[in-house]
Amino acid sequence: MRVTSFLAVVLLLSTTSAVMEHHGTAGYDMTNMVTFGKATITEIEWTNPHCQIRFDVMNDKGDLEHWTLEAPPPSMLAPREWSRKSLQAGDMVKIEFHAAKNGSPFGIIQRVTLPNGKILRAYPDR
Amino acid sequence: MRNLFLHSAALVLGVVALSAGSGGQTKTPANSKAGAQGQIPDLSGDWGNPVGAGGGGFIISDPGDRKAGTPQDDTPYQPWALAKLNSERPENGPHGTFENTTDPRLKYCDPVGVPRIYLVPTQFRFVQTPDILYILYQYGPTWRPVAMNRGHRQDPDPTWWGESVGKYEGDTLVIDTIGFNDKTWLDHVGRPHSDELHLTERFRRINHDTLQLDLVFDDSKAYTKTWAGRKIFALQHGGFEDAYACSMSEYEHFRQSVVDPVTAPKK
């Protein structure tokens, strides 16, 4: 576990249907949810076929890790109260996602909690 | 150029649709008549996946398409069609893989065609006019004309979307399409079809917020008998105007920045 001090793993008995929305999730561990309580947003790409959210976290060795999360496309995020300005570089947020199976610092996002407590859901809760 | 034409045409149709009635929807009074065809059912609104439902598939007994190509899959494939299905590398289904997909939509940005476009998690809207019914798809964006109350032309040339004719049967819109090429997948898991596919779509608004699509696939080249599918859509509230453009360069960027590292061998 690369970032154990910042990471809470929540085992969920869930189906993959909610995120089988655009393309497959075969590369991600859809049975486990990873949570970073303090992630610093570095960039959001508001683009097709998937938006991309990049953030940094400090691991338990004090090293900075750079993560990239796949997100739905703008056409799906917009109806879910997202905009391209929802996340700005420098924002510190709580972020929940399913990580890549191969251990690389990638994942597919589930939801973000902003400092004011507002929750932005990329996919419906399951 | 063709894409430019389709995009422009969709914009024009979108303007027509937006100006046609309240809420940007075409409204048809419940007692209006459409000549000899009787009442025109009200299909107004934007339609898409119900909340929490994924793209899934059309198989009624397996809506998540988790059995496709397995011994539990009772789709009546011709042998070559089953072999082709199992040779594909889709990103969904029981053999879904993130790596080296053969999906023509993801690999080439090919048109998804019909009925697969209904599995893409985007919205669509009907524009009902007396002679042509237009379906505006957010994905593409593209539009599809359905000639109403007439038959097919003689031996139409094969195209990505085929030739569609339609009629109303009571509260149901029936669309009959032939003249497909054989380049599209029927769904996200890669079920194939031939250029002899004869597709019937039956749309019925089973309540104000729910639209049911029943499909009949008739393609003796690829399947030993006709088979049926179904998809349920929910009335959407916003988002239709945000077009989803399929761009090969954007797909390539996504592939390089996400798919390749996610599919790299485990360290």
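A few notes on this one:
- Based on Cα contacts under 8 Å between residues 6+ apart, the range B:112-267 shows a relative contact order of 17 percent.
- Residues A:Met30, A:Met92, B:Met248, sorted so that the one with the fewest Cβ neighbours within 10 Å comes first: B:Met248, A:Met92, A:Met30
- For B:Glu163, the residues 5 or more places off, or on other chains, whose built amide H falls under 5 Å of its own are B:Ile178, B:Gly179, B:Phe180.
- Legend: mean number of C-beta atoms from other chains within 10 angstrom of residue C-beta atoms, peptide A:69-79, equals 5.
- Taking amide H atoms as placed 1.01 Å from N in the peptide plane, the amide H of A:Thr42 lies under 5 Å from those of A:Arg54, A:Phe55, A:Asp56, A:Gly90, each 5 or more residues away in sequence or on another chain.
- In this structure, A:Ser83 and A:Glu43 have a Cβ-Cβ separation that, at R0 = 25 Å, corresponds to a calculated FRET efficiency of about 0.95.
- If you wrap the tightest convex hull around every Cα atom of the range B:55-154 and split its volume per residue, you get 151 Å³.
- Whole-number percent relative contact order across the range A:30-93, with pairs defined as alpha carbons under 8 Å at least 6 apart: 38
- Percent RCO, i.e. relative contact order, over the range B:39-123, from Cα pairs under 8 Å lying at least 6 residues apart: 31
- Reach of B:Lys225 by Cα under 12 Å, taken over aspartates and glutamates that are not fewer than 8 positions away in the same chain: B:Asp74
- Cross-link pairs A:Lys94/B:Lys266; B:Lys67/B:Lys266; A:Lys101/B:Lys107; A:Lys38/A:Lys118; A:Lys101/B:Lys84 - those with Cα-Cα distance over 18 Å: A:Lys94/B:Lys266; B:Lys67/B:Lys266; A:Lys101/B:Lys107; A:Lys101/B:Lys84
- Couplings for the range B:139-155, taken from phi via the Karplus curve 6.51 cos²θ - 1.76 cosθ + 1.60 with θ = phi - 60°, read 6, x, x, 8, 9, 9, x, 10, 6, 8, 6, 8, x, 6, 6, 5, 6 Hz in order; Gly and Pro are left as x.
- For the listed peptides B:113-126, B:251-264, a ranking on the average number of other beta carbons within 10 Å per residue, highest first, reads B:113-126, B:251-264.
- Rounded, prolate or oblate (a/c below 1.5 giving rounded, otherwise prolate when a/b exceeds b/c) for the range B:165-267 by Cα gyration tensor: oblate
- Sequence-ordered 3J(HN,Hα) estimates for the range B:161-174 from the Karplus curve with 6.51, -1.76 and 1.60 and θ = phi - 60° stand at 9, x, 10, 10, 10, x, 7, 9, 10, x, 8, 10, 8, 10 Hz, glycine and proline given as x.
- Distance between the C-alpha centres of the range B:209-242 and the range A:32-93: 34 Å, rounded to the whole angstrom.
Every read-out reported here was derived from the displayed coordinates using simple, explicitly stated rules and does not represent laboratory data. Source: prediction; values computed, not measured. With ideal geometry, Cβ positions are generated from the backbone for all residues, glycine too; neighbour counts draw on all protein chains shown.
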